[in-house]
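No lab work stands behind these numbers, since they all come straight from the coordinates. Bear in mind that the values here come from a model prediction, so they are computed numbers and not experimental data. For neighbour counting, all protein chains shown are included, and Cβ atoms are generated from backbone atoms with ideal geometry for every residue, glycine included.
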Amino acid sequence: MAQVKFTDQALNDLQDIAYFIGSDSSHYASLQIQKILKRTEVLENSPNNGRVVPELNIKSIREVLEGHYRIIYLNLNNKEVHILTIHHSRRQLKRTNLKKLVKKLK
């Protein structure tokens with residue numbers, strides 16, 4: 001069983017998502033955050049469940065989807081999963097930002 005950890009970036013992303021959606025509806029903001037967190041739970045038992053992030057093509061950096069959000073994570077030897085970022089699928093993903101996050105964790 002893998003331990004799922006959130007990077008500071010991922011926690012900031014969750015706050016930003018909650019703030020953005022919450023400006024219209026705090027109820028829907030809460031629901032979306034709950035869905036995202038629930039989706040990460042699958043990684044405890046299946047850390048390779050997600051697909052490889054196409055922009056990077058690095059086997060250990062994968063993603064699962066929840067609605068319009070890409071939950072991008074680093075799988076370290078199937079024992080630790082680090083949620084790197086939670087990214088809206090309509091926005092362009094910056095590879096350099098992800099590479100910096102991964103470098104800090106390794």
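Residue exposure proxy: V42, V53, V81, ordered by other Cβ atoms within 10 angstrom of their Cβ from fewest to most, comes out as V42, V53, V81. Between V42, S89, N57, the Cα set farthest toward the positive side of the dipole of segment 3-105 (charges on each charged residue's Cβ, about the Cα centre) is that of N57.
Taking square-rooted eigenvalues a ≥ b ≥ c of the alpha carbon gyration tensor, is segment 34-94 rounded, prolate or oblate, where a/c under 1.5 means rounded and, failing that, a/b exceeding b/c means prolate? It is oblate, given that a/c is not under 1.5 and a/b is not larger than b/c. When only the Cβ of Lys, Arg, Asp and Glu is charged (+1, +1, -1, -1), the dipole of the chain relative to its Cα centre reaches about 560 debye. What percent antiparallel are the DSSP beta bridges of segment 3-105, to the nearest 5? Antiparallel bridges make up about 80 percent of those DSSP assigns within segment 3-105. In the chain, the calculated helix contribution to ellipticity at 222 nm averages -14500 deg cm²/dmol per residue, counting -39,500 (n - 2.57) for every DSSP H run with n ≥ 4. Shown here for segment 35-85: trypsin sites (Lys or Arg not before Pro) in loop regions (DSSP other than H, G, I, E, B) with at most 10 other Cβ atoms within 10 Å, namely K59, K79. Remark: the K59-K35 segment gains 6.1 nm on full extension, using 0.36 nm per residue and subtracting the alpha carbon distance. Measure up K38/K104; K59/K103; K38/K94; K59/K94; K5/K35; K5/K103 against 23 Å on the Cα-Cα distance and list the ones that go over. Exceeds cut-off: K38/K104; K38/K94. The structure-derived value of Rg and Dmax of the Cα atoms in Å appears in the list [x] 13.9, 43; [y] 13.3, 41; [z] 14.1, 48 under the label [y].
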